[in-house]
Amino acid sequence: MNKHPKNMSAVSQITEDIIIKSEENQEEREEQDTSLILDNQYIFIQLPSGNIKVVKLQKDTNVSLGKFGTFHSNGIIGRPFGHSYEIYDNYQVKVIKNVAFYEVDETDANNKEILDDPSKQKLSYQEIEKLKKQGLEGQDIIKKMVEGHSAFDQKTEYSKAKYIKRKEAKFSRVFTPINPTLYSVWEYFFSKNPGKIRDMRIDTLSQILSLANVRAYTKMLVVDDTQGLVITGVMERLGGYGIVLGIHDGENHNYDIVRYMNFSKKIHDSLLTLSWQQVFKEEIQAPFNYQDESTLSEKDLKYYLRRKVNYERIRDTREILWRGEFDGLIVASQYQPESILETLMPYVSGSRPIIIYHINKEVLINACVYMKISKKFLNPQITESWLRQYQVLPGRIHPSMSTSGGGGYLLHATHIVINESLPTPIPSYMKQKDTLEELNKSDFCNNNSIDETVKIESLDQNVTSENHLVNSEELQEAENKRIKLE
Amino acid sequence: MSFLRYKTIIEEGDLVIAHLSRENMTPLIVDSRKTYNNKFGTFKHKDMIGKEYGTKMPSHNGRGFMYLLHPTPELWTHVVPHRTQILYVADISYIITYIDLKPGSVVLESGTGSGSFSHSLARTIAPNGHLYTFEFHEERAKAVKKEFEEHGLSDLITVECRDVCKDGFGITNIVHAVFLDLPAPWEAISAAKEAFKQNRIGKICCFSPCIEQVQRTCASLNENGFVEIKMYECLIREHDVKTIPVYTVADAVNKIKVQQDKKRKRKDQNEQDDDNSSKSKQDPPNLYVTKTPNETKGHTSYLTFATFLPVLDDE
């Protein structure tokens, strides 16, 4: 311990500094424009097959879309997101107009005469391949196929459109660059491997961000085992104004998803991380051996500085955590929620939201019981989101035939401050009993209605307790249950 | 500034959401001369001053208590004076994500209604975004305008009293996203198209309770060149946690036996009591379970989304 460049009060200033620093930047209104396709950024590409491919775009390179062709990246860089492009003349792209679904009208044709007969198509596979080799545009191939289809006119307009769509999925060379947003990034990971993001559906994630009141100028504590999906959402909503402290599994964090958002440096800087080990004060951080930088060789200095920055970052982040006063806790973790609450609740301010996500409700039930008993939580509640998409074709509106079966569960509550100096009486039932069954019969979670008869009783006994604040309904229910069984 | 910044300690003039129960919450502006009376007792405002937000505060006469909560847009939806039908958290959350709002976004809302959704929008686009909100009912527009001022949101929100279906929005080439909660959203879609920032992608959401409205909205979105027209419904279901005793068949048999014993005792009252009847009285094991409410929200509105395409140079 030869040198200690920062004293403690300076460290504790850090959070304030970050918030104030970002305030100064408020003037720079025009942030990096996320609506343009830029060099050196991640984009998603929707293929004619409906699949989505993720690409890190680099200028002056060719981007391969497999069987759908290859295009030159400069053709789309600098253009706005939104349009679809068709590949032509190998590597060239041109914007194509989106075909609107409402152009499909209802007709008198029906599918009575339609038989699934491959002989109806006069073009053979070999002929089609030849057309592709000739560099014919996808739209033209499809046109030729329609011409080659002997029974095409017998189809309804609707099935004609369906036929063309099916052929487009195979032969079209149209792709759509998609800008990474929380929604599109989620969509990509959810369709690819939902387990990696703990099966969290976007509506559930959206509710987490609302219920946790994530916005600029907040200091959020997040336990994220969703590859950084939740962290990504929080970072975006902070917009670089505030802090998100991520507690991660393992020694190094694995917030892989964060990078696909192409966040600015300012937003990246709002992310701080600690491992579970680093959370605990008992786990002493190995001291850093400060050296005289002028004596080091250039190569050693680079290495030394990297180690120094890393050491100081962890040291300062730990100070920020222990200083507490976080504006909310979000948990989407494989670890037991109760143990996480035990560990992290001391760092959360009063009247701030606590949100715990899990795909298995049972895990949350136990955590909910824990919350109800602990008295530190107001209104612990388990909710489940339900999302249904509809097909919206003219005259054919109905819910999708198949849908996601569940988007996970949320347990949420508000952190309560029990001020010891206030004459808050300790209810007698709290003194001996701590099972939920006992609590169910009385007031444990802010059922504030007064049962008149019970009140009179307790006044008679001249007891100062909360027993008179009993939810009459629950009491009655418990009573009824007993009567029924006896 | 309480909606845009958290405070730790309650001071004079602050907004506090007094939470008495889940169904009973009231917004209070702390004024040390005032007293708040309710069926749980007398609460003096001056007792709140200096307390931390989130404190459980007993009443002055010891009858009950209340929680002093920090205002959030979510709590505000519970306490907002219900001037119109309001949006709920499931819809609010999904819309904000889907139309890609974040700090710095510029968004258009119509109608403003009770201003409940405006609070959520303003929260998300702060500190450097902007919300243009339009309400054609003059009294309502005035009331929300005052409310936004009280809540420190007036720098972020521009309220205008305007019949947008007839007169349009009066803004062009500005916004990134549009939210229409109107009886006939299709009448405002072509005006909304002009409001979008023309050289970038944008998102629109139309909020309508009836499927017929959705149908007309989709047709209008399509005619106006919007793409990716998609429609969703999003609801939240609660799961209440409680314990239930798990009785076995043996308990059922026992219960009958106890009843029979009682009858027998009544018959031969002279006979001596033996302890047989009560010997097997044991509490059954408890099981933690959840139950969905008997009645819950079954429908709020359909959410119709679409994408505004950037205008090409040759268009």
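Below, the figures for the structure above:
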| quantity | calculated |
| --- | --- |
| Residues B:Glu295 and B:Gln259, FRET efficiency given R0 of 30 Å [Cβ-Cβ distance, rounded to 0.05] | 0.25 |
| Nonlocal amide H pairs with B:Met231, under 5 Å, H built at 1.01 Å | A:Tyr390, B:Phe305 |
| Which of B:Asp91, A:Asp153, B:Asp181, A:Asp269 is most accessible, then next, and so on - probe 1.4 Å | A:Asp153, A:Asp269, B:Asp181, B:Asp91 |
| Under 12 Å, Cβ to Cβ, from A:Tyr390 - net charge with Lys/Arg +1 and Asp/Glu -1 | +2 |
| Beta bridges by DSSP in chain B, antiparallel share as percent, to the nearest 5 | 65 percent |
| Accessible area buried, both sides summed, chains A and B with 1.4 Å probe, Å² | 7700 Å² |
| Rg over Rh [alpha-carbon atoms, Kirkwood Rh] for the range B:1-100 | 1.03 |
| Under-5 Å amide H pairs with A:Gly242, H placed in peptide plane, nonlocal only | A:Tyr217 |
| Bridge type composition, the range A:289-407 - antiparallel percent by DSSP, nearest 5 | 50 percent |
| Exposure rule at most 10 other beta-carbon atoms within 10 Å, DSSP loop trypsin sites (Lys or Arg not before Pro): chain B longest free segment | B:34-280 |
| Phi-based couplings in Hz for the range B:245-255 (Karplus 6.51, -1.76, 1.60; Gly and Pro marked x) | x, 10, 8, 10, 4, 4, 5, 5, 5, 4, 4 |
| 10 Å Cβ neighbours from other chains, averaged over peptide A:259-270 | 0 |
| Of the GluC sites (Glu not before Pro) in the range A:265-355, those whose Cβ has at most 12 other Cβ within 10 Å and which sit in DSSP loop | A:Glu282, A:Glu283 |
| Ordering of A:388-398, A:242-252, A:63-73 by burial proxy (mean other Cβ atoms within 10 Å per residue, highest first) | A:242-252, A:63-73, A:388-398 |
| GluC sites (Glu not before Pro) restricted to DSSP loop in the range B:1-98 with at most 14 other C-beta within 10 Å | B:Glu11, B:Glu12, B:Glu23 |
| Local electrostatic count at A:Asp224 - Lys and Arg +1, Asp and Glu -1, tallied over other residues with Cβ under 10 Å | -1 |
| Expected 222 nm ellipticity per residue - DSSP helices of 4 or more, -39500 (n - 2.57), all of chain B, to 500 | -8000 deg cm²/dmol |
| In order through the range A:343-353: 3J(HN,Hα) via Karplus (6.51 cos²θ - 1.76 cosθ + 1.60), integer Hz, x for Gly, Pro | 6, 9, 4, x, 9, 9, 6, x, 6, 10, x |
| Computed over chain B, Kirkwood Rh from alpha-carbon pairs, angstrom | 23.6 Å |
| Over 21 Å (Cα to Cα) - which of A:Lys372/B:Lys242; A:Lys375/B:Lys51; A:Lys196/A:Lys376; A:Lys376/B:Lys39 fall in this group | A:Lys196/A:Lys376; A:Lys376/B:Lys39 |
| Long-range amide H partners of B:Val106 with built H, under 5 Å | B:His130, B:His176, B:Ala177 |
| Integer Hz, Karplus 6.51/-1.76/1.60 couplings in order for the range A:293-307, x for Gly and Pro | 5, 6, 8, 8, 6, 4, 5, 5, 4, 4, 5, 4, 5, 5, 5 |
| Trypsin sites (Lys or Arg not before Pro) restricted to DSSP loop in the range A:263-371 with at most 11 other C-beta within 10 Å | A:Lys281 |
| Neighbourhood net charge (14 Å Cβ-Cβ; Lys/Arg +1, Asp/Glu -1) for A:Ser64 | +4 |
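The values are calculated or read from the model by the stated rules, or taken from the named source; none is laboratory data. In this text, all values refer to a predicted model and were calculated from it rather than measured experimentally. All Cβ positions, even for glycine, are placed from backbone atoms using ideal geometry, and neighbour counts span all protein chains on display. All accessible areas refer to the heavy atoms of the entire protein, side chains included, with ligands and DNA or RNA removed. Shrake-Rupley method; radii C 1.70, N 1.55, O 1.52, S 1.80 Å.
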